[in-house]
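Here the structure is laid out as structure tokens; the discussion comes afterwards.
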Amino acid sequence: MFTGMPLIFGLVFFIIGFVLFVAGFYFYKKKQLIEDTPTSKVRSLAMGLVELFGQVIPIQERVFKSPFTEKDCVYYQFTVQEYRQSGKHAHWVTVKKGEKRDLFYLKDDTDMVLVDPTDASIEAAKDYECESGWGKDPPESVLRFLAANNIAFEGFLGANKTMRYQEHVIVPNQNLYIMGTADENPFVNVPGANQGLPRTIIKKGSQEKMFFISDKKERDILRGFNLKIAATIGLGSFFIVIGVVILFLLIGV
């Protein structure tokens, strides 16, 4: 009967390694899917899973402002963090985070197609970051956001807290890579709808799990997946070996 901390450590190492190993193969399958799917042109789209690269064309009535830079955009994701210290320990705590996304068009050199980003995994580079703290107030646009959301940037006796503000956006005319499902555009048959609407929409498929939007080029996306695969499978293998060694040593006891 094997008991005690060594057994627990052995099992924990093995489970962590197994989870990382599975994650590595998940990333590998996504990478292979991207590599094996040819880039389509909008005008010749077939129904089903497709890969596209093109330019964001906004729908004017659906454009909104990003929270910190107040840019026109079709997607944003933001975080507000506060640096907190407790004894000898200090760390960043997320005070508020959120995102917003809406319909937009994607245009290539042949035509444009409607994109519904609902449920998409979106990868957008960090477009903005700033900090406030002792002797440094947040910028005016950030102050407006904090006031509108009842977030205090001042602490004891009115001294500024150490805070960090980050923003990721997708803006009009930006190039995007999209892998999603091409389907019939349900908005075309809505009474009173614009007859010039594209007849196809890119969205999350009912059968296809892959719906990925990125502001990177395909080669950079694949490079990122290679790093994730190497890290997860490498670390997973290491933890599995450590766990197995500990368990075998216990067996030999």
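The values are calculated or read from the model by the stated rules, or taken from the named source; none is laboratory data. The model shown is predicted, which means the values in this text are computed figures rather than measured ones. Reconstructed Cβ throughout: ideal geometry from the backbone, glycine too, with neighbour counts over all protein chains shown. Heads up: the accessible areas ignore ligands, DNA and RNA and are worked out on the full protein's heavy atoms, side chains in. Shrake-Rupley method; radii C 1.70, N 1.55, O 1.52, S 1.80 Å.
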For LYS107, the lone unmet condition from (1) open to solvent by less than 70 Å² (accessible area, probe 1.4 Å); (2) touching a strand residue (DSSP E or B) at 6+ places or on another chain (Cβ under 6 Å); (3) closer than 28 Å to MET210 by Cα is (1)
Scanning the range 152-167 for residues that are part of a strand (DSSP E or B) and open to solvent by 40 Å² or more (accessible area, probe 1.4 Å), the one nearest to PHE68 (Cα to Cα) turns out to be ARG164
Condition set within 21 Å of PRO186 (Cβ to Cβ) and touching a residue at least 40 places away in the same chain (Cβ under 8 Å), scope the range 76-104, selection most open to solvent (accessible area, probe 1.4 Å): answer is ASP102
Next item on the list: Check whether at least one residue in the range 10-30 is touching a Gly at 6+ places or on another chain (Cβ under 7 Å), more than 18 Å from LYS204 (Cβ to Cβ), part of a strand (DSSP E or B) and open to solvent by 60 Å² or more (accessible area, probe 1.4 Å), and report yes or no.
Entry: no
All conditions in (1) open to solvent by 80 Å² or more (accessible area, probe 1.4 Å); (2) within 19 Å of PHE14 (Cβ to Cβ); (3) touching a residue at least 60 places away in the same chain (Cβ under 8 Å) are true of PHE248 except (3)
Can you spot a residue in the range 185-199 that is crowded, with 17+ Cβ neighbours inside 10 Å, part of a loop (DSSP other than H, G, I, E, B) and in contact (Cβ under 8 Å) with a residue 60 or more places away in the chain? yes
Across the range 62-116, the tally of residues that are more than 19 Å from the chain's Cα centre (by Cα), closer than 30 Å to SER206 by Cα and part of a loop (DSSP other than H, G, I, E, B) stands at 5
>> Condition first: over 30 Å from VAL42 (Cα atoms), out of contact with any Asp or Glu (no Cβ under 8 Å at 6 or more places or on another chain) and in a loop (DSSP other than H, G, I, E, B). Can you find one or more residues in the range 205-221 that meet it?
In response: no
Counting only residues in the range 50-70 that are surrounded by fewer than 18 Cβ atoms within 10 Å (Cβ to Cβ) and among the hydrophobic types (A, V, I, L, M, F, W, C), the one farthest from VAL142 (Cα to Cα) is identified as PHE53
Scanning the range 223-245 residue by residue, those farther than 30 Å from PHE9 by Cβ and surrounded by 14 or more Cβ atoms within 10 Å (Cβ to Cβ) turn out to be GLY224, PHE225
Flagged pairs (Cβ under 8 angstrom, 6 or more apart or on separate chains; first in the range 139-159, at pLDDT 90 or above; second aliphatic (A, V, I, L, M) and open to solvent by 40 Å² or more (accessible area, probe 1.4 Å)) are LEU146/ALA152; ILE151/VAL95; PHE153/LEU143
